[in-house]
Amino acid sequence: MAAPMSADRFIDALRDEGLTVVEVGAWRTHNRNHKGPWGPVHGVMIHHTVTHGTPNTVQLCREGHSALPGPLCHGMIAKDGRVHLVGYGRANHAGAGDSDVLAAVIAEKRLPPDNETDTDGNRHFYGFECENLGDGEDPWPAVQLEAITRAAAAVCRVHGWTARSVIGHLEWQPGKIDPRGFTMNHLRERVTERLK
């Protein structure tokens, strides 16, 4: 059972991992905590945005839209590798997912198939949205993949987690495909190397 780190510890962890961080507005207090608790936290979830262009992507991740209010993540990782912090606390990114997947993340074991939506993921995961169209053709620049690796590793390092605590949205909620364009197994291998 891990309590979420403070916002100051979060930004320090990202910077300590060598990331360039952009603070967007009053991100430390921008959250959905009035809709339910945040924590205990058990992992890091990676998404793609289905958007193009960093400024509008940052705005979407911060504000959300009429059907899904923001923040939609804690940090948005742009094509240039910068991490834009848009919120901290409960965020609308994970949605309902599979309790068996959560149990595997907690135990840091191989993930089972996600075939249920019986658990509130917004409560239990840090979320990073990554700027990409998600069509399987939009490229993932090396600097962006490195930033995703470092961001995930930063959170894992603070909590003492392994790369098994890093999952994709597609591994949590049935029907989701993100992130598309690289495999989560490859990302977890990169995070493992980073944590050595």
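The values are calculated or read from the model by the stated rules, or taken from the named source; none is laboratory data. Owing to the predicted nature of the structure, the values given are computational and were not obtained by experimental measurement. No Cβ is skipped: glycine too gets one built from the backbone with ideal geometry, and neighbour counts run over all protein chains shown. Just the protein is used for accessible areas: all its heavy atoms, side chains included, with ligands, DNA and RNA removed. Shrake-Rupley method; radii C 1.70, N 1.55, O 1.52, S 1.80 Å.
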(request) Would you tally the residues in segment 1-28 being under 10 Å from TYR88 (Cβ atoms), touching a residue at least 12 places away in the same chain (Cβ under 8 Å), assigned to a loop (DSSP other than H, G, I, E, B) and open to solvent by 20 Å² or more (accessible area, probe 1.4 Å)? (result) 1
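For VAL155, state whether it is in a helix (DSSP H, G or I), over 25 Å from PRO4 (Cβ atoms) and either at pLDDT 95 or above or of a type in the set (Phe, Trp, Tyr) (or both).
On the way: in a helix (DSSP H, G or I): yes; over 25 Å from PRO4 (Cβ atoms): no; either at pLDDT 95 or above or of a type in the set (Phe, Trp, Tyr) (or both): yes.
So VAL155 fails the test.
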(request) Could you please tell me which pairs satisfy a Cβ distance under 6 Å, a separation of 6+ or placement on different chains, a first residue in segment 104-129 that is small (Gly, Ala, Ser), and a second residue that is surrounded by 18 or more Cβ atoms within 10 Å (Cβ to Cβ) and in a strand (DSSP E or B)? (result) GLY121/GLY97; GLY127/MET45
(message) Scan segment 126-141 and tell me whether some residue there is at pLDDT 95 or above, open to solvent by 10 Å² or more (accessible area, probe 1.4 Å), assigned to a helix (DSSP H, G or I) and out of contact with any Gly (no Cβ under 6 Å at 6 or more places or on another chain).
(response) no
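Conditions tested, residue by residue: (1) surrounded by fewer than 13 Cβ atoms within 10 Å (Cβ to Cβ); (2) over 12 Å from the mean Cα position of the chain (by Cα).
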| position | (1), (2) |
| --- | --- |
| ILE106 | no, yes |
| ASP118 | yes, yes |
| HIS124 | no, no |
| THR149 | no, no |
(request) Would you be able to say whether some residue in segment 41-62 is without any contact (Cβ under 8 Å) to a residue 12 or more places away in the chain, outside any strand (DSSP E or B) and among the charged types (D, E, K, R)? (result) no
(request) List every residue pair whose Cβ atoms sit under 7 Å apart, with the two residues 6 or more apart in sequence or on different chains, where the first one lies in segment 156-175 and is farther than 24 Å from ASP118 by Cα and open to solvent by less than 60 Å² (accessible area, probe 1.4 Å) and the second, anywhere, is hydroxyl-bearing (Ser, Thr, Tyr) and assigned to a loop (DSSP other than H, G, I, E, B). (result) CYS156/THR162
(request) For segment 176-196, name all the residues that are open to solvent by 60 Å² or more (accessible area, probe 1.4 Å), without any contact (Cβ under 8 Å) to a residue 40 or more places away in the chain and assigned to a helix (DSSP H, G or I). (result) ASN185, HIS186, GLU189, THR192, GLU193
(request) Spot the failing condition for VAL44; the list is (1) out of contact with any Lys or Arg (no Cβ under 9 Å at 6 or more places or on another chain); (2) open to solvent by 20 Å² or more (accessible area, probe 1.4 Å); (3) within 18 Å of ILE77 (Cβ to Cβ), and only one is missed. (result) (2)
